[in-house]
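The structure appears right after this line, and notes come after that.
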Amino acid sequence: MNELDTHVTRAWVLHPDIHADRQGRKAIDALHEAVALAAALPDLEVVGSETVRLPKPHAGMLFGSGKIAELKAKFKEAEIDLVLVDGPVTPVQQRNLEKEWGVKLLDRTGLILEIFSNRAATREGVLQVEMAALTYQRTRLVRAWTHLERQRGGLGFVGGPGETQIEADRRAIDEQLVSLKKQLEKVVKTRTLHRAGRAKVPYPIVALVGYTNAGKSTLFNRLTGAEVLVKDMLFATLDPTMRSVQLEDGPEVILSDTVGFISDLPTELVASFRATLEEVLAADVIVHVRDISHEESEIQAKDVREILDSLGVDEETPQLEVWNKIDRLDPEARDALMQRAEREPSILPISAITGDGLPQFLLAVTKALGAEKRTDTLTVPYSDGRRRAWLFEKGLILEESQDENGYTLTVRWSDKDKHQFNRL
């Protein structure tokens, strides 16, 4: 092995296909997603992957003895350093499998935490990841386990196993959690002040949400010209990025790009990342971006809707569903989709890569905001200079003339503008 290879971790991905847990998602698709998750970690090479059919998990070792021996031989031959199990693994199972196979092991939650830790860019994101990781580690302190070992990235507490050490570890974690919560509260308070500042400028917020890797960041970049991290990997974006966008026939809006959702998102992360997703709760319009070229697009969309519901999104907040990546469809499938979109206005097919469908999408955003503009002619008496000045201040007047009745104005405005004008 040369010096360039010394930092590459050789990994094998396993997806336990547990009969009792099947919910319509194909095991092979779940395995592909798990491999894509693993690819999101730097300096990690996925050497092999497979699904393992299980009638039910074995309490102590997860898999049966025959499969464990078979896998051990594969891992030894392939010189595997890390095994990633796409599902929950108990602390006892993890300890036993690591001992049997002579490798490190991460379950799905541990893997996602590693990715989040690697991707978090803002102070808030870092704090949230640390809290989620500590909450996860706290649940894995069990009797007769050799506590948080340094080589697995734990907290490095000194001492041996046993109930006393577990309680000491748990207390230390709780103290760190309290400290992190205080720090996070300060950061969230700052974000709240920033959001209150934006509310005074009253720019509507349009939040992009969707399954991870659906193309949200690509769409965000195309609309704003920003250089948000865009990679064909899961969880490329973790912290919301916000930019202003001037709609061609509507108002200026703030566009927010958020972390991608994923099925079976660990509960620790849903809770810890709530502050990051507060921009979604504050949004005037939520745009759900789907990868329509993905064969499990409908299942992914269902996962996104469930997470939005769990976050407590207001049912009255308008939601648009954008079907992205139509450039990846074969001509026949694309034609069928476009014909369906003509019949169903709620379907917004686009390609963030080529720009196809973006004018129709932006018009739909304008309509959802109730900000679609139209041209009207009105007469303002000479005595009503305040209302005329307001129209000029807002930049709504296209033409103006005068006669004995007052000012005749041609204005281009939205229903919201008209309502505000009538209240003056």
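The values are calculated or read from the model by the stated rules, or taken from the named source; none is laboratory data. Quick caveat: nothing in here was measured; it's all calculated off a predicted structure. Note: ideal-geometry Cβ built from the backbone for every residue, glycine included; neighbour counts use all protein chains shown.
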Next on the checklist: Can you go through Glu79, Glu50, Glu33 and tell me which one is outside any strand (DSSP E or B), acidic (Asp, Glu) and surrounded by fewer than 19 Cβ atoms within 10 Å (Cβ to Cβ)?
Outcome noted: Glu79
Item to check | Of residues in region 9-30 being over 22 Å from the mean Cα position of the chain (by Cα), surrounded by 14 or more Cβ atoms within 10 Å (Cβ to Cβ) and hydrophobic (A, V, I, L, M, F, W, C), the one modelled with the lowest pLDDT | outcome: Ile18
Next on the checklist: Being more than 25 Å from Asp330 (Cα to Cα) and either in contact (Cβ under 8 Å) with a residue 60 or more places away in the chain or of a type in the set (Lys, Arg) (or both) is the filter here; which residues of region 288-313 pass it?
Outcome noted: Asp303, Val304, Arg305, Leu308
Checklist entry - Say we look at region 320-343 and pick out the residues that are acidic (Asp, Glu) and either within 23 Å of Ala207 (Cβ to Cβ) or outside any loop (DSSP other than H, G, I, E, B) (or both); which of these is modelled with the lowest pLDDT? => result Glu342
Checklist outcome for this item: Taking region 59-81 and keeping residues closer than 25 Å to Glu33 by Cβ and free of Cβ contacts under 8 Å to residues at least 24 places away in the same chain leaves Gly64, Lys67, Glu70
Item to check | Subset of region 82-109 [assigned to a helix (DSSP H, G or I) and either in contact (Cβ under 8 Å) with a residue 12 or more places away in the chain or within 15 Å of Thr9 (Cβ to Cβ) (or both)] | outcome: Pro91, Val92, Gln93, Gln94, Arg95, Asn96, Leu97, Glu98, Glu100, Trp101, Arg108, Thr109
Checklist entry - Which residue pairs have Cβ atoms under 7 Å apart, sit 6 or more places apart or on different chains, and have a first residue in region 357-374 that is aromatic (Phe, Trp, Tyr) and a second that is at pLDDT 90 or above and crowded, with 20+ Cβ neighbours inside 10 Å? => result Phe361/Val322; Phe361/Leu348; Phe361/Ile350
Checklist entry - Pick from Thr377, Thr317: which is hydroxyl-bearing (Ser, Thr, Tyr) and part of a strand (DSSP E or B)? => result Thr377
Checklist entry - Can you tell me which of Asp415, Asp327 is among the acidic types (Asp, Glu), assigned by TED's automatic domain parsing to the domain that holds Val285 and surrounded by fewer than 16 Cβ atoms within 10 Å (Cβ to Cβ)? => result Asp327
Checklist entry - Of the residues that make up region 231-240, is at least one at pLDDT below 75 and surrounded by fewer than 16 Cβ atoms within 10 Å (Cβ to Cβ)? => result yes
